[in-house]
1. Of the conditions (1) acidic (D, E); (2) touching a helix residue (DSSP H, G or I) at 6+ places or on another chain (Cβ under 7 Å); (3) on the phi > 0 side of the Ramachandran plot, D317 fails just one. Which one is it?
2. For A27, only one of the following conditions fails: (1) more than 28 Å from R283 (Cβ to Cβ); (2) modelled with pLDDT under 80. What is its number?
3. Hey, L365 hits all of (1) buried (at least 16 other Cβ atoms within 10 Å of the Cβ); (2) part of a loop (DSSP other than H, G, I, E, B) but one; which does it fall short on?
4. (1) in contact with a helix residue (DSSP H, G or I) (Cβ under 8 Å, 6 or more places away or on another chain); (2) of a type in the set (A, V, I, L, M); (3) surrounded by 15 or more Cβ atoms within 10 Å (Cβ to Cβ): which one isn't true of V279, the others all being true?
5. Being of a type in the set (G, A, S) and at pLDDT 95 or above narrows it down to one residue among A254, A209; which is it?
6. Residue by residue through the stretch 174-231, note down the ones that are in a loop (DSSP other than H, G, I, E, B) and under 18 Å from the mean Cα position of the chain (by Cα).
Amino acid sequence: MCTGSRRGMTLIELLIAVGLASILMLAVFRLLDTSLSLWSRGEVRRGALEQASATAELLSHDLRSLHRGAQGDLLAEWVPFDADRDGANERFWPRLLLVRQGSPAEMARVARAAEAGAESDVDADTEASGPDDASFKPRRPAGGLLEIAWVVLPSSEDPAEGVLWRAERALDDPDSVSYFSQGYFDSMGRAPVGVLNEVTGGVLWMGMAFATQTSVVQEGWDIGLGLADASGSWDGWCRARPNPNIHAWNEAAAGMPEMADVCLLPRRVRLELEIERPVDRARRTKTLSELDATATSFQVENAARLPADLNSFVLIDAEWMKLVGVTGDRVKVVRARRGSDPRPHGVGALVHHGVRVISEIPVDLHDDSWDLR
């Protein structure tokens, strides 16, 4: 009778098989983790991009409808803020006031809002003076022109970030005060309570540039005082309303048009908006080394959490820097960008950056306000 031995796997073969299976499973898990991470980052970026794009479109709509005429106006200026209340203005945010054409639907909406606010006021007055007080007359602003205010105010949660607000009123509403009135905004840059409506938070940057009659912007928007430069501010009536002593970008450009009997408007406006949401902020890295006012490189906890593209901007405390190189976790930057000043930064400072949206809006310089009645 023939007997044969049944041979199984040796211990070495078993260990090799287990090792190969472990390597294969690890590779699969890493691939899955990388895919999920990329998908998550893509979704976060897409959500932030949608938020920034919607905000930029609303602002662009106001600028595309600017009114050029005796009742028109456009005032863009840079306003200082002492967000941490240390006596020094560390952030400068833009303020944009304008007069634009309003559609019948927009005028009706503003009228309803004005009447609702007036009814609230009269309800309070009635409680104080009695139900027989018949002095109230609902505000019914008429006409087709709107005053619009866009204001950025420091966030109460993070001084490095801002909150973008918007307000609107009928230009000929006799019961409300013009946003252009001197003293309308207080020394803290704030409007009267209840006037502004929040548009979005998490604003890291809102930039403005205006093309004058002589600006050359085909190869880039350079803000300066030369004839070919764009202007960082605008005064539709050349009344020297932006204060150049507050910020250099409030200085009128050399190519500003001559004064006329109608509001002067730019040929084109460039808006740049950068937003960082709370979910984005949680993914940011921090500094691992101190920076003095002259340092051009520093260490971070995780350079993979910096912007993927070089020449992007990062914000540390109140100073903007341009990212020009990354080696390991060491970052090389150009200091004091976007009109900010170089300043020292400590260990553990958050390195902010957001999703940037740029819009260029052509401005119609023709006055089509014909009276067809």
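1. (2)
2. If we test A27 against (1) more than 28 Å from R283 (Cβ to Cβ); (2) modelled with pLDDT under 80, just (1) comes out false.
3. (1)
4. Against the list (1) in contact with a helix residue (DSSP H, G or I) (Cβ under 8 Å, 6 or more places away or on another chain); (2) of a type in the set (A, V, I, L, M); (3) surrounded by 15 or more Cβ atoms within 10 Å (Cβ to Cβ), V279 comes up short only on (3).
5. That would be A209, the only listed residue that is of a type in the set (G, A, S) and at pLDDT 95 or above.
6. Residues satisfying the conditions are G189, R190, L196, W221.
Residue-by-condition table, conditions (1) among the acidic types (D, E); (2) touching a Leu at 6+ places or on another chain (Cβ under 9 Å); (3) at pLDDT 90 or above:
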residue: R64; (1), (2), (3): no, no, yes
residue: L96; (1), (2), (3): no, yes, yes
residue: A113; (1), (2), (3): no, no, no
residue: A124; (1), (2), (3): no, no, no
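So that you can scan it fast, the table gives a plain yes or no per residue for (1) surrounded by 21 or more Cβ atoms within 10 Å (Cβ to Cβ); (2) within 26 Å of A70 (Cα to Cα); (3) basic (K, R); (4) not assigned by TED's automatic domain parsing to the domain that holds G207:
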| site | (1), (2), (3), (4) |
| --- | --- |
| L225 | no, no, no, no |
| A230 | yes, yes, no, no |
| S233 | yes, yes, no, no |
| G236 | yes, yes, no, no |
| I246 | no, no, no, no |
| N250 | yes, yes, no, no |
| M256 | no, yes, no, no |
| V262 | no, yes, no, no |
| L265 | yes, yes, no, no |
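The values are calculated or read from the model by the stated rules, or taken from the named source; none is laboratory data. No experiment lies behind these values; they were computed from the predicted model shown. Don't worry about glycine lacking a Cβ; one is built from the backbone with ideal geometry, like all the others, and counts go over all protein chains shown.
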